[in-house]
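The values are calculated or read from the model by the stated rules, or taken from the named source; none is laboratory data. As the structure is a computational prediction, the values presented were derived from the model and not from experiment. Cβ: placed from backbone, ideal geometry, glycine included. Neighbour counts: every protein chain shown. Heavy atoms of the whole protein, side chains included, go into the accessibility calculation; ligands, DNA and RNA do not. Shrake-Rupley method; radii C 1.70, N 1.55, O 1.52, S 1.80 Å.
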Amino acid sequence: MPVFVDDPAQFSKPRLKSDLLAHNVTLPVAESKKQVYVKLYLKHISQKNAPDFSNDEEDYQQEVVEVQDSQDREEENKEDPEMTDPCGLTDDELKATLFKYGVEAGPIVATTRSIYERKLQRLLEPAQPRQNGGTGDANQYSDSEEEEEEWGSEQGRPETVSLVEEYQHANEQEPVTDVLMEMFPETEPTRTGITATRRRPIKGAAGRPVQFKYPDLLASPMTLQRQALERRLVPLSVQILVFLILTCLFYLIYAAMEHSSYHPFVALLDNLSMGTETEGLSLQADP
Amino acid sequence: MSTTSQKHRDFVAEPMGDKPVTALSGIGEVLGNKLVEKGFDKAFVVLGQYLLLRKDGELFTEWLKDTSGANTRNATSCAQCLREWCDSFL
């Protein structure tokens, strides 16, 4: 018989709620105290840890599942009697067990031990509540565990149930490929399965120091600005050309506006010439 | 998509030296006091914990939430801050 150290009082309230939802337990309608959820958790989920695995199955099916499960459990127990109890493992065993799940753990020290224990617990947990899907195939435990851990342990339990069913279907074929993970292969898998890519901060905006933000640029900001300026020079001639064309155009329009435009022009010219003449005369008059 | 705060930028811009734990992004006075109670009085001690967990952001956020009662946002911000600091100076 496996011994699971289940201390729901240590779980957080949202965790309890999602766990209960995953076990198809009806939650209280209004927000209740944590104690209520702990009680519900203990009531329903510790039942599940006992031999009767799923409340939905009929008795004879239950017995069949029981037999299969107990057989599997016995096998597991023969191999690793302490495998399912993270708290009972020594530091080295804990580290080795985590390594088996593909988790490269750091030194197991006083401060890190509880974290790693919890991680191992989370990795072991998906082995049990899978019966809710009604698949009842006990032999898929080890395979689906290996598939599960790569995506981390999600916090939303309903999500894990549906994801787990996916894994079971894809078990015979290739593992499920995540497009997002393919696109950004360097991101670490997070617990919620959500990865946020950071938008590149705007260079030089709001006093952001440019030199630390963009170490991968080959050119300095000055050269970039110069290049930007140079890019503008190319269409500059085009701009001047357009300007000249427009000037001529406006001139012609003005010229064509009045048919008697000749006279104003002539008058203008006369005025100008008169102006220069008077100037000339005044200049001559002065000395 | 997240933009960094001024505190984050200040921390990541230079070696942390003897900066207090409240200099970390996401760690304010309340969380800082709780960490000091647990013995993490300087930023480098928290860095030590981050390194012990092999620079795993997920595990670190979990540890921080347990130790100081931080929420996910603050813990993630602190983890990201430390990660970037390590990228530059470690």
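Here's the yes/no breakdown for (1) not β-branched (Val, Ile, Thr); (2) not in a loop (DSSP other than H, G, I, E, B):
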residue: B:22; (1), (2): no, yes
residue: B:27; (1), (2): no, no
residue: B:63; (1), (2): yes, yes
residue: B:66; (1), (2): yes, yes
residue: B:81; (1), (2): yes, yes
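Considering region B:50-78, the residues that are under 15 Å from residue B:5 (Cα atoms) and open to solvent by less than 10 Å² (accessible area, probe 1.4 Å) include one that is nearest to the other protein chains (Cβ to nearest Cβ), namely B:75. Do we have any residue at all in region B:30-44 that's among the acidic types (Asp, Glu) and within 12 Å of chain A (Cβ to nearest Cβ)? No; the residues of region B:30-44 include none that is among the acidic types (Asp, Glu) and within 12 Å of chain A (Cβ to nearest Cβ). When we screen B:65, B:19, B:38 for residues that are among the basic types (Lys, Arg) and over 21 Å from residue A:110 (Cβ atoms), the only hit is B:19. Looking only at residues of region B:1-29 that are among the charged types (D, E, K, R) and away from chain A (no Cβ under 11 Å), we find that the one that is most open to solvent (accessible area, probe 1.4 Å) is B:29. Residues in region A:111-121 that are within 10 Å of chain B (Cβ to nearest Cβ) and either open to solvent by 10 Å² or more (accessible area, probe 1.4 Å) or over 12 Å from residue B:59 (Cα atoms) (or both): A:111, A:114, A:118, A:119. The residues of region A:26-42 that are of a type in the set (A, V, I, L, M) and modelled with pLDDT under 75, listed by number, are A:27, A:29, A:30.
Considering only region B:79-90, how many residues are closer than 16 Å to residue B:8 by Cβ and open to solvent by 30 Å² or more (accessible area, probe 1.4 Å)? The number of residues fulfilling the criteria is 5.
In the set (1) open to solvent by 30 Å² or more (accessible area, probe 1.4 Å); (2) out of contact with any strand residue (DSSP E or B) (no Cβ under 7 Å at 6 or more places or on another chain), the condition left unmet by residue B:42 is number (2).
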